[in-house]
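Structure, as structure tokens:
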Amino acid sequence: VWVDRDGNETLFDTMEKAFGVVRISPNRVYVAAEAGANLYVFSRRSGIWNRIAATSATEGAPVWAHDSRSLFYTRGGALGRQPVDEGGEWGEWQEILPAESRFWATSLSEDGDRILGTAMVQTPEQWQMGSASTAGSGGFEPVLSGDGLTRRNPVVAPDGRWLAFVEKEGGLDRIYVQPYPDGGEAVLVSEGAVGEAAEPVWGRRADELFYRDASDIVSVRLETTPDLRVLGRTPLFSVEPYYNYLNSFATVYAYDPATDRFLMVKWSIPWPPGTDIHVVEDAFDMLNRLAPAGG
């Protein structure tokens, strides 16, 4: 569904699947979406969803090229790109990083020469932000000097000068912004004392960033000159009806700067009744009173 800043919804399409990450192409003609273990692309010209490849491998983490003529995504653990022509016909998939890289793409550099994302290191609880050449030359390279194993989901700002990412601190996720590509001081932009924050998405310009906290989609207003600082944070609408990834390597929702709306994945099946957990204090004392031993 489309959701505006006030939480008003407009139906995007009626197809129901186990959707995950959704991405709008820059020309707004296509929407790529994870659906279970497969990747589907919706054409706004035809109004039809089509599976991008007929393979048995798991597909996901789509990222559009700036010219909307290629889609980068993971297939069977490997990162690659698949070109699409003006008629909507898909070309052959071209591998960029092998499956052992375990790389999940999330963004492109401003010039389109580097694709950024997160590589899993040793265990699912350790990550490293990195990038690879979109031409397929070279391999994985860490993003920003001194990057540790707790950062993920790098997203480049529209002007190409800033990088938003998620960093785990004390078991909780935080959103930081740092100069890119040269590096510099990382500035905390989410509210550090108010639980977790994840899934950063840039607005039309580098002066606004969106993220998800435990309750809402939040807008952060930024000033980037002479130094980066947070001007204010505004909760926009509740995230409760919408799907999100906990501790994920990518943002689920997408932002459309042309209409100033968000494309969200909404639960179509309500939470089943009777699945709430209720805590009963002094339960054993209650049982002894209601059904005493030998009674």
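What is the gain in length, in nm to one decimal, between SER56 and GLN126 on full extension, counting 0.36 nm per residue of separation less the C-alpha to C-alpha distance?
Fully extending the segment from SER56 to GLN126 adds 22.5 nm.
Between ARG45 and ASP182, with labels modelled 7 Å along Cα→Cβ, what's the label distance in nm to one decimal, could you check?
It works out to 4.2 nm between the two label points.
THR234 to LEU11: FRET efficiency via 1/(1 + (r/R0)^6), r the Cβ-Cβ distance, R0 25 Å, to the nearest 0.05? Spell out each step's value before the answer.
Working: r = 26 Å, r/R0 = 1.03.
The pair THR234/LEU11 has a calculated efficiency of 0.45.
Contour minus end-to-end for GLU223 and ASP159, with contour as 0.36 nm per residue of separation and end-to-end as the Cα-Cα distance?
So the chain would gain 21.7 nm between GLU223 and ASP159.
Can you list which of the GluC sites (Glu not before Pro) found in region 1-63 are DSSP loop residues with at most 11 other C-beta atoms within 10 Å?
Sparse-neighbourhood loop GluC sites (Glu not before Pro): GLU16.
Sort LYS168, LYS17 by heavy-atom solvent-accessible area, probe 1.4 angstrom, most to least. Mind dumping the intermediate values first?
Numbers: LYS168 50, LYS17 95 Å².
So, going from the largest accessible area down, we get LYS17, LYS168.
In what sequence, highest mean first, do 78-85, 134-141, 101-108, 112-119 appear when ranked by Cβ atoms within 10 angstrom? Kindly include the intermediate steps, with their values, before the conclusion.
On the way: 78-85: 18.6, 134-141: 13.2, 101-108: 23.4, 112-119: 20.9.
The peptides rank, most packed first, as 101-108, 112-119, 78-85, 134-141.
The values are calculated or read from the model by the stated rules, or taken from the named source; none is laboratory data. This structure is a prediction, so every number in the text was calculated from the model and none was measured. Heads up, the Cβs are rebuilt from the backbone with ideal geometry, glycines too, and the neighbour counts pull from every protein chain shown. Keep in mind that these areas ignore ligands, DNA and RNA; they rest on the heavy atoms of the full protein, side chains included. Shrake-Rupley method; radii C 1.70, N 1.55, O 1.52, S 1.80 Å.
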